[in-house]
């Protein structure tokens, strides 16, 4: 008898050990349940991280834009009713008013990680006889590359963006027959023209985007688009990506800008992420419940099987509280031991699945994310589930009338 | 009376109280047991002997009447105090040995002390070994309960009943399931303990030979003590 084990633990361990087959089966059941939770959670975390990485490293999480221009009818004296049709005006490309001040404000906000002024416009990229209409982004590479990881998507060349350079999408390069080092003629609608050198080619993972994407230095774009000193958007990255919408709303309320978060502009994607999280939560809940019912069922049977032992223990002066704890400890132990095996099973299955499940191009389907916190959390959850599941049988055991129990 | 260990005054026990099926099984039992006394309780099956023993053992409550153990009125005690009193004052020996099968003989004897103190200790283990030696089973200390004969198991049960050095041992037909030789050995063992340590015994038995070897015989018939 282990001298370090209290009475309740000694009884619980022996009872579990004596009912070996029953214990093995329920631990097997718990292990499978916990394994499913670990596998699902880790795989979904990996898939989600992958999706988020793809979506959020190729676009800002919040974009500040000039507000919509609206026409306001002139009114006569107050209270006079007018009947007029107000036509929506065409939206001119104009700069964000006092943008350096707004940028400074954004940089001062603790929840914001990076801020970058950008100018967006449409231009014509011409090389020889080929010409394509493209989206021109004028950026400050130092700050912008912290928001959109352009260097990560470069497939040829280097992430250089001087006033004479241009980074273009791989599909656009194919269409224009251009490669790194070639010159491109960029023409704006106003007639302004610049000849720029292709410094690198990027692949943002989407064909139509790759056909239209062009990055140039901010000043180059400002001069091409005829907006010297102006910008059209301020791009922002935040610490908590799920707080982006709330932060955007606060920014919009405090400034004369329109703030769009990635949650708003990628509503479908965000819904998919949320649906995935909800599904995972539901799976965890139902697996947890089935584990709890399994533990409770085994312990209820154990209480019936052990009723004579309980009666003897009560006759010997064991309190109701001690009997209660004997069965609670059994529930907790089953949950804990099951979670250890389950975590190992889940991790093994995940590593195996990660090695066999590949994308069409042979790259991994999802990154392998096995965080220690997942195992700690699962072990804790399984142990607490075991304790809670043991509550009803333990109370039943504690309430057993010793006379009836001994008589059997 | 200074040496009185047990006193029952007009104790009644009824089941299904308040229902049409209410049945009274003990009718006004008066009983005293002195320290060091070895009392035999006899009577036909269904006469209420076991019910009386359960009430004396604080496993059951009388419907009416007064029960005093070592001068303490049980009616005034709560569940925790009753459990404590039972653990420290009363030892039980049941008819069907009723050892806990998951434990060895030594561990079964240690069990009441373990429940009381919370953790095993060398002292508890030494006392269990001493008691097992007293009942002649020191060589079987490490045997699981199920790997012993009926007589051996009953001797372990006697050793367990003595673990907390109780003032009173209640034995419910402890020899009822044993052959004559083993029954005699177990009875003699209890008599020896009674003589050596002054522990009182209340022995329920059908065996008149054994009953005659006790200090006093009380006969229960139809829930009443026959004078």
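A short reminder: the numbers here are calculations on the coordinates, not readings from a lab. Because the structure is a prediction, the values reported are computed rather than measured. Positions of Cβ are backbone-derived with ideal geometry, glycine not excepted, and every protein chain shown enters the neighbour counts.
Here are a few things to note about the model shown:
- The range A:167-198-the range A:252-297 distance, computed between alpha-carbon centres (Å): 42 Å
- The mean number of partner chain beta-carbon atoms within 10 angstrom of a residue's beta-carbon across peptide B:105-115 is 4.
- The range A:84-150 and the range A:317-369 have Cα centres spaced 48 Å apart.
- With both residues required to sit in the range A:139-275, DSSP beta bridges show an antiparallel share near 65%.
- Helical content of the protein assembly as shown, expressed as a calculated mean residue ellipticity at 222 nm, amounts to -15500 deg cm²/dmol (DSSP H runs of 4 or more residues, -39,500 (n - 2.57) each, divided by residue number, nearest 500).
- Max-minus-min Cα coordinates of the range A:99-256 on each principal axis give 49, 31, 24 Å, with the largest extent listed first.
- Cβ-based exposure ranking for B:110, A:345, in which fewest neighbours within 10 Å come first: A:345, B:110
- Size of the range A:271-380: Rg and Dmax of its alpha carbons, in Å, are 20.6, 71.
- Degrees separating the helix A:99-108 axis from the principal Cα axis of chain A, which is the longest one: 20 degrees
- Choice from A:277, A:268, A:91 showing the highest fluctuation, given a GNM over chain A with Cα pairs closer than 10 Å: A:91
- Two-decimal Rg/Rh across the range A:133-222, once Rg and the Kirkwood Rh are taken from alpha-carbon atoms: 0.92
- The range B:1-40 versus the range B:102-170: alpha-carbon centroid distance in Å: 29 Å
- Neighbour-count order for A:99, A:262, fewest beta carbons within 10 angstrom listed first: A:99, A:262
- Each distinct pair of alpha carbons in chain A adds a 1/r term; the inverse of their mean, the Kirkwood radius, is 26.6 Å.
- Relative contact order, percent, chain A [alpha-carbon distance under 8 Å, six or more residues apart]: 25 percent
- Considering all C-alpha pairs of chain B, those separated by over 34 Å amount to 14%.
- Percentage relative contact order, chain B, counting C-alpha pairs under 8 Å, at least six apart: 30 percent
- Tilt relative to chain A, helix A:267-305 - C-alpha long axis, 0 to 90 degrees, to 10: 0 degrees
- Nearest 10 degrees, 0 to 90: helix B:105-117 Cα axis against chain B principal axis: 60 degrees
- Fully extending the segment from residue A:341 to residue A:21 would add 113.6 nm, taking 0.36 nm per residue of separation and subtracting the current Cα-Cα distance.
- For the range B:137-218, the square roots a ≥ b ≥ c of the C-alpha gyration tensor eigenvalues yield an a/c of 1.5 or more together with a/b not exceeding b/c, which makes the shape oblate.
- Legend: mean number of C-beta atoms from other chains within 10 angstrom of residue C-beta atoms, peptide A:378-386, equals 0.
- Ordered by the count of other Cβ atoms within 10 Å of each Cβ, fewest first, A:235, B:60 give B:60, A:235.
- P(r) of the range A:41-190 over all Cα-Cα pairs, binned every 10 Å from zero, in whole percent: 8, 26, 28, 21, 11, 5, 1
- Antiparallel DSSP beta bridges within the protein assembly as shown, as percent of all bridges there, nearest 5: 70 percent
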